[in-house]
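Trainee: Let me begin by handing over the structure; questions about it come next.
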Amino acid sequence: MRINRYVAQAGISSRRGADRLIDEGRITINGQVAVTGAQVQEGDVVAFDGVAISLPREDDRVYIAFNKPVGITCTSDRRRKDNIISYINYPKRIFTVGRLDRDSRGLILLTDDGDLAYRLTRTEYGHEKEYRVTVDKSITPSFIESIQKGVPILDTVTMPCRAWQTGDKEFGIILTQGLNRQIRRMCEHFRYSVTDLVRTRIMHIALGSQPVGIWRELTPKETEELLRLSRIKR
């Protein structure tokens, strides 16, 4: 198993986060600093910051749905006063699946399953994320039509998406990609400013009436469907 996948599966971070830890020299294999692409063999001792880590049993995996408040940052860096990990204070090491920016709120998943996090954040898997967006001025039909076709931001053009107006200054949108501050940048391109952004659904998991600032573990049925849609066999 490649070292970045091992670290992710051990619940330390996502695969991307594992790559950063490896680059920083914080991961070792049998006492030697690991390098990108290294393989972990049976019997090897892998450590993170000098502490040995191991793979959890599959039935011990953690899957959490959290209604993130505005002002909480989606980072595992506990040095950040507003970090999401300290806010939730779960007894096991977990990390976020993707991000919601600090000024946004709503549904975000957390887990210790690196394979799942990897698949849910890859655009090619086409997993839907639904949002409710409020802007600073009246929405026009041409705006809704335009954002569905693709918007030039961050030296690329966003993928086609679904959007619909729900109020004078409010609309819903479903994305299958996750560029940095994507919805805010899409709106800014058409001279709209986002005043409120709420993620209401990730795939089949809906925020519903879950209170702000409260987390819950996914039900067995939700977890089973999440793994199935992510094409993970357990």
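Trainee: Tell me whether the stretch 131-144 contains one or more residues that are hydrophobic (A, V, I, L, M, F, W, C), in a helix (DSSP H, G or I), in the same structural domain as Ser193 (by TED's automatic domain parsing) and surrounded by fewer than 19 Cβ atoms within 10 Å (Cβ to Cβ). Walk me through how you get there before you give the answer.
Mentor: Step one: list which residues in the stretch 131-144 are hydrophobic (A, V, I, L, M, F, W, C), which gives 133, 135, 139, 143-144.
Going one step further and asking which of them are in a helix (DSSP H, G or I), we end up with 143-144.
Now restrict to residues that are in the same structural domain as Ser193 (by TED's automatic domain parsing): 143-144.
Filter once more, keeping what is surrounded by fewer than 19 Cβ atoms within 10 Å (Cβ to Cβ): 144.
Yes: the stretch 131-144 contains one or more residues that are hydrophobic (A, V, I, L, M, F, W, C), in a helix (DSSP H, G or I), in the same structural domain as Ser193 (by TED's automatic domain parsing) and surrounded by fewer than 19 Cβ atoms within 10 Å (Cβ to Cβ).
Trainee: Considering the stretch 95-105 alone, what residues qualify as being within 12 Å of the chain's Cα centre (by Cα) and not aromatic (Phe, Trp, Tyr)?
Mentor: Answer for the stretch 95-105, where residues must be within 12 Å of the chain's Cα centre (by Cα) and not aromatic (Phe, Trp, Tyr): Thr96, Val97, Gly98, Arg99, Leu100, Asp101.
Trainee: Quick one: would you say Tyr63 is more than 21 Å from Asp19 (Cα to Cα), among the hydroxyl-bearing types (Ser, Thr, Tyr), in contact with a strand residue (DSSP E or B) (Cβ under 6 Å, 6 or more places away or on another chain) and surrounded by 14 or more Cβ atoms within 10 Å (Cβ to Cβ)?
Mentor: Numbers: more than 21 Å from Asp19 (Cα to Cα): yes; among the hydroxyl-bearing types (Ser, Thr, Tyr): yes; in contact with a strand residue (DSSP E or B) (Cβ under 6 Å, 6 or more places away or on another chain): yes; surrounded by 14 or more Cβ atoms within 10 Å (Cβ to Cβ): yes.
Yes: the conditions hold for Tyr63.
Trainee: Here are some conditions: (1) crowded, with 16+ Cβ neighbours inside 10 Å; (2) at positive phi. Gly50 meets all but one. Which one does it not meet?
Mentor: In the conditions (1) crowded, with 16+ Cβ neighbours inside 10 Å; (2) at positive phi, Gly50 misses (1) alone.
Trainee: Here's another thing I want to ask about it. Suppose we filter Ala163, Ala117 for residues that are among the small types (Gly, Ala, Ser), over 14 Å from the mean Cα position of the chain (by Cα) and crowded, with 20+ Cβ neighbours inside 10 Å; which single one remains? Break it down into steps so the answer makes sense when it comes.
Mentor: Numbers: Ala117 fails: over 14 Å from the mean Cα position of the chain (by Cα).
Answer to the check: Ala163.
Trainee: Across the stretch 1-25, which residue is surrounded by the most Cβ atoms within 10 Å (Cβ to Cβ) among those that are out of contact with any Phe, Trp or Tyr (no Cβ under 7 Å at 6 or more places or on another chain) and of a type in the set (S, T, N, Q)?
Mentor: Asn4
Trainee: For the stretch 120-130, which positions are assigned to a helix (DSSP H, G or I) and either over 14 Å from Leu229 (Cβ atoms) or within 12 Å of the chain's Cα centre (by Cα) (or both)? Reasoning before the result, please.
Mentor: Of the stretch 120-130, the ones assigned to a helix (DSSP H, G or I) are 120, 123-125.
The answer is Leu120, Thr123.
Trainee: Within the stretch 205-234, how many residues turn out to be closer than 30 Å to Ile139 by Cβ, surrounded by 13 or more Cβ atoms within 10 Å (Cβ to Cβ) and out of contact with any Pro (no Cβ under 7 Å at 6 or more places or on another chain)?
Mentor: Summing the residues that are closer than 30 Å to Ile139 by Cβ, surrounded by 13 or more Cβ atoms within 10 Å (Cβ to Cβ) and out of contact with any Pro (no Cβ under 7 Å at 6 or more places or on another chain) in the stretch 205-234 gives 4.
Trainee: Tell me which residues, restricted to the stretch 11-44, are out of contact with any helix residue (DSSP H, G or I) (no Cβ under 9 Å at 6 or more places or on another chain), assigned to a helix (DSSP H, G or I) and either touching a residue at least 12 places away in the same chain (Cβ under 8 Å) or of a type in the set (Ser, Thr, Tyr) (or both).
Mentor: Asp23
Trainee: List every residue pair whose Cβ atoms sit under 6 Å apart, with the two residues 6 or more apart in sequence or on different chains, where the first one lies in the stretch 123-140 and is of a type in the set (Gly, Ala, Ser) and the second, anywhere, is surrounded by fewer than 12 Cβ atoms within 10 Å (Cβ to Cβ) and not in a helix (DSSP H, G or I).
Mentor: From residues that are of a type in the set (Gly, Ala, Ser), the pairs are Ser138/Asp168.
Trainee: Does at least one position in the stretch 73-86 carry a residue that is small (Gly, Ala, Ser), at pLDDT 90 or above, in a loop (DSSP other than H, G, I, E, B) and closer than 28 Å to Ile214 by Cα?
Mentor: Within the stretch 73-86, the subset small (Gly, Ala, Ser) is 76, 86.
So of that shortlist, the ones also at pLDDT 90 or above come out as 86.
Imposing the further condition that a residue be in a loop (DSSP other than H, G, I, E, B) reduces the set to none.
Checking the stretch 73-86: not a single residue is small (Gly, Ala, Ser), at pLDDT 90 or above, in a loop (DSSP other than H, G, I, E, B) and closer than 28 Å to Ile214 by Cα.
Trainee: Now for a different question. Take the stretch 145-176 and flag every residue that is assigned to a strand (DSSP E or B) and among the basic types (Lys, Arg).
Mentor: Arg162
Trainee: Looking at the stretch 115-123, can you tell me whether even one residue there is touching a Gly at 6+ places or on another chain (Cβ under 8 Å) and among the polar types (S, T, N, Q)?
Mentor: Scanning the stretch 115-123, I find at least one residue that is touching a Gly at 6+ places or on another chain (Cβ under 8 Å) and among the polar types (S, T, N, Q), so the answer is yes.
The values are calculated or read from the model by the stated rules, or taken from the named source; none is laboratory data. Not measured: the values here are computed from a predicted model. Counting neighbours? That spans all protein chains shown, and the Cβs are built from the backbone with ideal geometry, glycine included.
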